[in-house]
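As structure tokens, the structure follows; a few thoughts come after it.
The values are calculated or read from the model by the stated rules, or taken from the named source; none is laboratory data. This structure is a prediction, so every number in the text was calculated from the model and none was measured. Neighbour counts run over all protein chains shown; Cβ positions are idealised from the backbone, glycine included.
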Amino acid sequence: MLKNVVAIDLFCGIGGLTYGLQQAGIKVLAGVDIDSSCKYAYEKNNNAIFINKSIKDIKSEEISSFFSKEDIKIFIGCAPCQPFSNYQTDKTMKIKHKDWNLLDEFLRLILQCNPDIISMENVPTLLKQDIFNKFVKTLEANNYFITYKIHDAQNYGVPQRRNRLVLLASKFGKIEFLDIKEKRKTVKEVIGTLPKIEAGEIYQKDLIHRSSKLNNLNLQRIIASIPGKTWETWPSNLLPECYKRKSGATYKSVYGRMKWDDVSPTLTTQFYNYGTGRYGHPEQNRAISLREGAILQSFPKNYIFIENENFKFTEIARHIGNAVPPKLAEYIGKTIINHLKEREIL
């Protein structure tokens, strides 16, 4: 670890962003999240403290107490993406998601604590919102140099097609994103050797390697599914009624199998459900397992998610689907380190 380059992870979840930054050489001191169910995985895999609070309730003194005067202070955070998602945003903007203003709370802590560097990651649709423009202009008014860009995580070792907006701000000058791209990792490369399991089965040597059950109709559907294709290849008796109508013909991003020689589609918190996306295993007749989802998010195969066998399947799926992919976070961390070296701060 590089001494005196330290960070606090706001909205830390189970630690995808923390883990990646620490791999890049940035010491993360603590993570803040309102969801207490994230505490075990966060602390088990990262040498950092989990603070179970809403960012709305965190005082600047609590955050500042982690830093010394000599530290290069970094704030990192991915506010909940749901408010700005294409699937969640009310087109009239009359009804806003309950978490809409959490980005403002992130901004509040920045202004109160005055970190040297800021990293903010979110969905690309945030660019269209006034709250993002306010975030940028306020930082610029407080002497931060801003750069932001939409990145596809598959370019940085994440075996998944996942576009994310990454903003970096620095008191030391404009940060240039590193011009590096890793060799693309395919689905087969990362999960092709995992033990075979049936739908609903649990692999006893790794309790996270378990998949959801399939009813008989969905079992017949996945048997009829061809990797990379859509439900258009099914016999008509397997089609839901809505897909037989003209209005349903365009909904082709569900009930699909992944392809071995490609990256996975974007994972959501519902990636364990065969019917909610192209989340079918390339050759086994089931949706991908929790462990496979974690690996496709670029978590290491030994990342620990549970304390014992009594855990909520959908809760772990939510943790994994909401996480910042660690390999994308590592790229962000390397970009920050490179910036500090270029500015001769290190």
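Values for this structure:
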{"quantity": "Any chance residue 175 is in a loop (DSSP other than H, G, I, E, B) and surrounded by 16 or more Cβ atoms within 10 Å (Cβ to Cβ)", "calculated": "yes"}
{"quantity": "Single residue of segment 235-287 satisfying the filter (loosely packed, with under 13 Cβ neighbours inside 10 Å and either among the aliphatic types (A, V, I, L, M) or in a helix (DSSP H, G or I) (or both)) that is modelled with the highest pLDDT", "calculated": "237"}
{"quantity": "Count of segment 36-49 residues which are touching a residue at least 60 places away in the same chain (Cβ under 8 Å) and not aliphatic (A, V, I, L, M)", "calculated": "5"}
{"quantity": "Pairs with Cβ under 6 Å, 6+ apart, first in segment 141-165 and within 16 Å of residue 266 (Cβ to Cβ), second β-branched (Val, Ile, Thr) and assigned to a strand (DSSP E or B)", "calculated": "151/166; 163/150; 165/150"}
{"quantity": "Residue in segment 299-324 that is surrounded by the fewest Cβ atoms within 10 Å (Cβ to Cβ), counting only those that are touching a Phe, Trp or Tyr at 6+ places or on another chain (Cβ under 7 Å) and small (Gly, Ala, Ser)", "calculated": "321"}
{"quantity": "Residue tally, condition crowded, with 18+ Cβ neighbours inside 10 Å and either touching a His at 6+ places or on another chain (Cβ under 8 Å) or farther than 29 Å from residue 293 by Cβ (or both), over segment 137-164", "calculated": "3"}
{"quantity": "Pairs, first within 13 Å of residue 170 (Cβ to Cβ) in segment 97-119, second at pLDDT below 95, C-beta under 8 Å, six or more apart", "calculated": "119/77"}
{"quantity": "Cross-chain or 6+ apart pairs with Cβ under 7 Å, segment 314-342 first and free of Cβ contacts under 8 Å to residues at least 60 places away in the same chain, then of a type in the set (A, V, I, L, M, F, W, C)", "calculated": "317/271; 317/290; 321/267; 321/271"}
{"quantity": "Residue under evaluation residue 126, criteria (1) in contact with a strand residue (DSSP E or B) (Cβ under 6 Å, 6 or more places away or on another chain); (2) at pLDDT 95 or above, criterion not met", "calculated": "(2)"}
{"quantity": "Some residue of segment 157-169 being under 27 Å from residue 345 (Cα atoms) and over 18 Å from the mean Cα position of the chain (by Cα)", "calculated": "yes"}
{"quantity": "Residues located in segment 180-216, provided they are outside any loop (DSSP other than H, G, I, E, B) and either hydroxyl-bearing (Ser, Thr, Tyr) or out of contact with any Pro (no Cβ under 9 Å at 6 or more places or on another chain) (or both)", "calculated": "202, 210, 216"}
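Conditions tested, residue by residue: (1) in a loop (DSSP other than H, G, I, E, B); (2) modelled with pLDDT under 95; (3) more than 30 Å from residue 171 (Cβ to Cβ); (4) aliphatic (A, V, I, L, M).
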{"position": "291", "(1), (2), (3), (4)": "no, no, yes, no"}
{"position": "299", "(1), (2), (3), (4)": "yes, no, yes, no"}
{"position": "304", "(1), (2), (3), (4)": "yes, no, yes, yes"}
{"position": "328", "(1), (2), (3), (4)": "no, no, no, yes"}
{"position": "339", "(1), (2), (3), (4)": "no, no, no, no"}
